[in-house]
Amino acid sequence: MKQERISSLVARRAFLRKLGRTATVAGAVAAGAASIAQKAAAKSEPSSGRASFPTPDYDWTKHRWAFGVDATKCIGCLRCVEGCKRENGVPLDAHHFNTWVERYVYLEGEDRARVDSQADPVNIAASGSEGGYRFANRYQDAKVTKAFFVPKLCNQCTNPPCVQVCPVGATYRTRDGVVLIDQNYCIGCRYCVQACPYGARWFNEEKGVTQKCYWCYHRITKGLQPVCVEVCPVGARVFGDRNDEQSPISLFIRNNRVQVLKPETGNEPNVYYVGIDKAVR
Amino acid sequence: MEPLGHYAPFTGWVYPNETVIEWSVAIVVYPYITGLVAGAFTVSSLYQVFGFKRLKPVAHLALLTSLCFMVFVPLPLLLHLGRPERAMNALLTPHWTSAMAMFGYIATFYMALLMVETWFSFRPFIVAQARRRSGLPGTFYRVLTLGSYDLSEEALRCDRKWIFWLAIVGIPGAHGLHGYVGFIFGSLKSREWWSSDLMPVVFLFSAIISGVALLIVLYVVSCKLRKVPIDLACLKGLAYTVWAFIMVALVLEGLEFANIVYKAREGVETILEYVTGPLLIPYFVLQFAVGAILPLLLLSYMIWRGTTGKALIAGVMLSAFLVLLSVFMMRWNVVIGGQEISKTGRGLLEYQMHVFGREGLLIAALLVAAPVVMLWGVTRLFPPWEEKAA
């Protein structure tokens, strides 16, 4: 396996060297090309070269990560949202989220759920700041017939439309099933933001690149849990390796009737839900 | 609470990340300019390939228009990119499954084709200037001859052959360029408003009418500026072309909307709420009624009554302006409209346009005006007018 990867890397480097040589001959205009070719070489190194990105000795061929959400357990405390924002450097405002929580409320006499998230202005007003997360008690005086919370995050789809549309291949799916974005390669066109049917991607204006949830890849490759899973006080979020039959996620999928969001897209999401309602999208 | 200034206000339920509308007016201008390129090229091809002799007075102007607008096509995209310095990555390490990755190749190919075709078309003029002029302009034209001063009958026949074939290759080139722009939107399954098989053809036909309308305006204005009489046969030819294509464009746009409503998939209530609310004026009034149906009726009336003279010029000019507006609104309604309907299918957002800034109204207006200014300069160097160019 490793041999194969190394030989493909050698071939790629040889090709890039050739490209670089041609560029030198071509002169000033193509000099830019060579530097980008070098960048491309640098880009391919960590993932295919050491087989350890981003953690030494991590082998991405040995894992198949998946995520579970038990909506019946979620209490809407939003620790996951806050933890994620701090762990991953997500702006502390109401417009950029790797993960968020939606609240579905059916009032008496109404057939359609009223849906809001912590990013709703009413909830922000209640918390006092965009960086403080809570759900306002806006249905205090109403007769609620049914209500529940649904945590949302990137679905790390098996057929990710965001990866399909990226014009430079800056976003890609790893062997262990996580969709990553190479921030040193993304051109910031935001086609992927448009292509994601779940609204999971957001644009980092400061860096000029797109970002999203990647199941805390920097943590899971070290054997840790994603932050949102770790901070959840009720175990509504489940994470693990599907290659391990006794992992929490394997048991979660095996022991429950699980659902995915927007299955009609053919994206084959890898976040499995339990206890969601027909109104959830 | 921090100010919500440049974020999109919303009603209903939207995903939190959607409150930043990512594709701005710059991305509205981009397909608009691209469409004008394709449409103008269609006019030049109608003459060069299909032998519409009455369009001869605008054939060269059409080519130059196409070229000048094409120069500015990549600009809105570059202004929009978060990391414009990496733009070349799409050409050097393209990701083949991305429709957007094709842009660099199609645009480069088409740009080269336009330049070569323009060179062949203006070669006799360039040679004449190179021989006659001295000093800097003379050197400019002498460099442009590329060392070929041969204006023999045989050489000119060879030139015509090249022009003919380049025009033929240019048709799929120009229309491929624009069809692909439609595909960028139509191929996304994330938004009901975009996800349509008809999108590429809708873009194509609206492109054609916008390009022809632009040429009508440019031709009439240039005649007025040069104080020469307007060739009414040519103007009528252009009017017929708009008239014919506007019907196809209207039918396609109508069909697309009818499909959304009739299929009535999830989220259709929100779409209907949107088109009968915030989009009523931009969509039904400006894009359809004022921009397409009105010029169609006006042109039909003039063709039926055999209107001629000043009335014809005024009527055709008015129709052309309306068509240009309609097509701009169509781009707006697709690009901005699509993003104002939430991916949840249960909420609506409101795009807040900046006036200043990289992706503001001012830059967008400049981007549309710049090719016209460039065209003015280019027509000074390469007069496309019949009597001089001949």
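Values in this text are rule-based calculations from the coordinates and carry no lab data. These figures come from a predicted structure and were not determined experimentally. Positions of Cβ are generated from backbone atoms using ideal geometry, with glycine treated the same way; all protein chains shown enter the neighbour counts.
A few notes on this one:
- Taking region A:98-209 and dividing mean pair separation by its residue count, relative contact order in percent (alpha carbons under 8 Å, at least six apart): 23
- Orientation-averaged projected area, Cα convex hull of region A:149-208 (nm²): 4.7
- For chain B, built as a Gaussian network whose Cα springs stay under 10 Å, the top-fluctuating residue of B:Gly51, B:Gly182, B:Gly170: B:Gly51
- Percent breakdown of C-alpha pair distances by 5 Å bin, ordered from the shortest bin, for region A:112-239: 2, 9, 15, 16, 17, 16, 12, 7, 3, 1, 0
- Of the chymotrypsin sites (Phe, Trp or Tyr not before Pro) found in region B:1-91, those in coil by DSSP whose Cβ has at most 13 other Cβ atoms within 10 Å are B:Phe50.
- The charge dipole of region B:1-89, taken about its Cα centre with unit charges on the Cβ atoms of Lys, Arg (+1), Asp and Glu (-1) only, comes to about 680 debye.
- All alpha carbon pair distances within chain B were sorted into 10 Å bins beginning at 0; the resulting P(r) in whole percents reads 5, 22, 30, 24, 13, 5, 1, 0.
- With N the number of residues in region B:57-135, Rg(Cα) / (2.2 N^0.38 Å) evaluates to 1.47.
- Rg(Cα) / (2.2 N^0.38 Å) computed for region A:64-281, rounded to two decimals: 1.01
- Surrounding net charge for A:Glu110, when Lys and Arg each add one and Asp and Glu each subtract one, Cβ distance under 11 Å: +2
- Net charge of neighbours whose Cβ lies under 10 Å from the Cβ of A:Val238, counting Lys and Arg as +1 and Asp and Glu as -1: +1
- Selected from B:Ala38, B:Ala320, B:Ala101 as most flexible by GNM, with chain B as the system and alpha-carbon contacts under 10 Å: B:Ala101
- Modelled spin-label separation between B:Glu85 and A:Arg242, with each label point placed 7 Å from Cα along the Cα-to-Cβ direction: 4.0 nm.
- Max-minus-min Cα coordinates of region B:148-294 on each principal axis give 67, 34, 21 Å, with the largest extent listed first.
- Normalised by the number of residues in chain B, the average gap of Cα pairs under 8 Å and 6 or more apart makes the relative contact order 30 percent.
- Residue (of B:Met88, B:Pro76, B:Ser121) at the positive-pole extreme of region B:73-145, dipole from beta-carbon charges: B:Ser121
- Between B:Glu85, B:Glu256, B:Glu22, the GNM of chain B built on Cα springs shorter than 10 angstrom shows B:Glu85 fluctuating the most.
- Cα long-axis angle, helix B:309-340 against chain B (0 to 90 degrees, to the nearest 10): 40
- Pairwise centroid distance, computed over Cα atoms, of region B:106-133 with region B:188-267, Å: 29
- All Cα pairs of region A:93-132, percent lying beyond 14 Å: 51
- For the protein assembly as shown, the Cβ-based charge dipole about the Cα centre amounts to some 1760 debye (Lys, Arg positive; Asp, Glu negative; other atoms uncharged).
- Dividing the summed -39500 (n - 2.57) terms of all DSSP H runs of n ≥ 4 by the residue count of the protein assembly as shown sets its mean residue ellipticity at 222 nm at -17000 deg cm²/dmol.
- Per-bin percent of Cα-Cα distances, region B:277-335 [10 Å]: 25, 44, 22, 8, 0
- Distance from the C-alpha centroid of region B:268-327 to that of region A:74-133: 44 Å, rounded to the whole angstrom.
- Taking 1.002 mPa s as the viscosity and 20 °C as the temperature, the Stokes-Einstein diffusion coefficient of the protein assembly as shown based on its alpha-carbon Kirkwood radius rounds to 77 µm²/s.
- With only Cα atoms counted, region B:23-87 has Rg and Dmax values of 14.9, 47 Å.
- Under the convention that each Lys and Arg Cβ holds +1 and each Asp and Glu Cβ holds -1, the size of the dipole of region B:335-386 around its Cα centre is about 140 debye.
- Directionally averaged projected area (convex hull, Cα atoms, region B:206-276), nm²: 6.2
- Peptide B:18-25, shielding by other chains (average Cβ, 10 Å cutoff): 5
- Across peptide B:92-104, the mean count of Cβ atoms from other chains lying within 10 Å of each residue's own Cβ comes to 6.
- Each of B:Ala107, B:Phe284, B:Thr270 was placed along the dipole of chain B (beta-carbon charges, centred on the mean Cα), and the one lying farthest toward the positive end is B:Ala107.
- Simple rule: put +1 on each Lys or Arg Cβ and -1 on each Asp or Glu Cβ in region A:64-154, find the dipole, and look at A:Val122, A:Asn88, A:Thr145; the Cα lying farthest toward the positive end is A:Asn88.
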